[in-house]
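Below is one structure, written out as structure tokens, with a few remarks after it.
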Amino acid sequence: GYTTHFFCVASFLWTTTIAFTLHRTVVRHKTDVEDLEAIFHLYVWGTSLVMTVIRSIGNDHTHLGAWCWAQTGRTGKANNNVFYILLYILIEHGNNEAVHFITFYVPLWGAILYNGFTYFQVIRMLNNATRMAVGMSDRAYQFDSRTDTKALNRWGYYPLILIGSWAFGTINRIHDFIEPGHKIFWLTFLDVGTAGLM
């Protein structure tokens, strides 16, 4: 239900704080990251809460077994606030799958893009630093630097873990949005099987 949504959003948001920390320390050479711990908590838990509350507005939450966080009930009223009016229109006149997509998959892929861009910059900076160190040292160190460079390049795989974990879920969600009455077993199987990889 909502707890699953909350903690799944929080889990991929924590990866963005890790990427931010790496970027801030390696690329920007800042050492004040520990001072940002409260802001990280506010960002992760606050954003997760907001996404979960938006997801819950207008839902007639009935237990649907293991898939209860993707229910399709639509009820509820909106406040006079413009945000709530837009949300009300989306929920009442749109598809509840769209709300789930907006409150989960859009932030997820935003996090994946941010992590990929950030890790790319971190890896590039570390590779440049390694090349400079090799250029300033003797030839004997160059063999060891290739091993170090391979280890650094493995950092680029971390954003791929998120992609591998959620690609089939995203494809499945888009398919369910386009053809809500036609479920594909193998796609659902891959969605469930790979979502736990993160």
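The values are calculated or read from the model by the stated rules, or taken from the named source; none is laboratory data. In this text, all values refer to a predicted model and were calculated from it rather than measured experimentally.
Per-structure values
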quantity	calculated
Subset of region 22-54 (residues that are modelled with pLDDT of 95 or more and polar (S, T, N, Q))	Thr47, Ser48
Unique match (being outside any helix (DSSP H, G or I), under 30 Å from Leu49 (Cα atoms) and modelled with pLDDT under 85) among Leu197, Leu86, Leu90, Leu160	Leu197
Residue that is farthest from Thr170 (Cα to Cα), among those in region 111-136 that are of a type in the set (A, V, I, L, M) and over 23 Å from the mean Cα position of the chain (by Cα)	Met136
